[in-house]
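The values are calculated or read from the model by the stated rules, or taken from the named source; none is laboratory data. Because the structure is predicted, anything quoted here is derived from the model rather than measured. Because the Cβ atoms are built from the backbone with ideal geometry, glycine has one as well, and the counts that use them run over all protein chains shown. Ligands, DNA and RNA are stripped out before the accessible areas are found, and what is left, the full protein with its side chains, is counted by its heavy atoms. Shrake-Rupley method; radii C 1.70, N 1.55, O 1.52, S 1.80 Å.
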Amino acid sequence: MSVENAKGMLIKATQGKYAIGAFNITDFVQLEGVVEAAVNKKSPLIIQTSVEPSKFYGRKTMAAAFRAIAESAPIPICLHLDHCTDVDYCIKCADAGYTNIMIDASKYSFEENIRMTKEVVDYCHSIGNISVEAELGTVSGVEDQIKVVEDEAQLANPDQAVEFVERTGVDLFAPAIGTAHGVYATKDPKVDFERLGKIAKLVNGQSVRAPLIIHGGTGLPPHTVAKLIELGGAKFNVSTELKYTLIDTTFDYITAHRKEYNPGKINTAVKNAIREAVEKWIDMLGSAGKA
Ligand SMILES: [Zn+2]
């Protein structure tokens, strides 16, 4: 159907109490698998790349491949740059054709985070329909997850969250609530639901100003995902699971077909495995049929 930015589709998701998966890809085989899953499920889709793959292929190549695929797919799709800490590179990716940009200045002071975020927001809004995501607080790696959840100072402060959204004009807001990147050490990681609920009420209670983003989707149990959606989580980032799927499927295929030497068959095996993983996420997030 179309190339879209994320804000409109995430406002609809927030209002409809479902969420949209934002799936990190590192190559075009994964890209095909993710798109196929969303088309099969008739789900809106957010494709993400982190900075490294966008530099590996080149941001223009990445954006061109995305647009070629997205323009012929019968669902709304956006291309999002994940966790970019460099304002200049955010601007370059916006110019190259990314439709959403995440400026992650969360490791800086509150004021510096606002200044950097606003610079990217002002640029992206000035050149067209590009939405911007920013983060407040620390979304840790899983090795620090427990420590971060137990240290309130590292999570997003609800009053500061409102001030941050108002002063930056940011489109999508990722508050740190205890979720983490990587594979959780426990089956039921501790997440600060109450904090997300407060932030949702303060930021989006009257009207949806900035849909809320949940980082660290991989490994969250379904009941946690459901509760986060109920409280206002609209976009779930899924990265680690797709990396594991790519590498494990490749390894297993080659191990089972050691003498074959047919890369196309490896690609097909990976694409199918990615599609299955993404279809499960779409079902869990409730976005099937919402395209
Ligand atoms: Zn993240």
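Annotations for the structure displayed:
- Single residue of region 230-243 satisfying the filter (in a helix (DSSP H, G or I) and within 16 Å of the ligand (Cβ to nearest atom)) that is surrounded by the most Cβ atoms within 10 Å (Cβ to Cβ): LEU242
- Residue within region 60-77 that is under 24 Å from ALA161 (Cα atoms) and in contact (Cβ under 8 Å) with a residue 12 or more places away in the chain present: no
- Residue within region 116-130 that is within 21 Å of LYS55 (Cβ to Cβ) and assigned to a loop (DSSP other than H, G, I, E, B) present: yes
- Selection count where residues are open to solvent by 20 Å² or more (accessible area, probe 1.4 Å) and not polar (S, T, N, Q), scope region 159-177: 6
- Criterion violated by VAL225 - all others in (1) assigned to a helix (DSSP H, G or I); (2) at pLDDT below 95 satisfied: (2)
Residue by residue, here is whether (1) within 22 Å of MET9 (Cα to Cα); (2) within 18 Å of the chain's Cα centre (by Cα) holds:
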{"position": "GLU71", "(1), (2)": "yes, no"}
{"position": "ILE75", "(1), (2)": "yes, yes"}
{"position": "LYS92", "(1), (2)": "no, no"}
{"position": "THR99", "(1), (2)": "yes, yes"}
{"position": "GLY128", "(1), (2)": "yes, no"}
{"position": "LYS147", "(1), (2)": "no, no"}
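- Qualifying residue in region 59-68 (condition: in contact with a Gly (Cβ under 7 Å, 6 or more places away or on another chain) and either open to solvent by less than 10 Å² (accessible area, probe 1.4 Å) or not in a helix (DSSP H, G or I) (or both)): yes
- Only one of VAL29, VAL34 that is at pLDDT 95 or above, part of a helix (DSSP H, G or I) and open to solvent by 10 Å² or more (accessible area, probe 1.4 Å): VAL29
- Once region 146-204 is narrowed to residues that are among the aromatic types (Phe, Trp, Tyr) and within 15 Å of the ligand (Cβ to nearest atom), the residue that is nearest to LEU136 (Cα to Cα) is PHE173.
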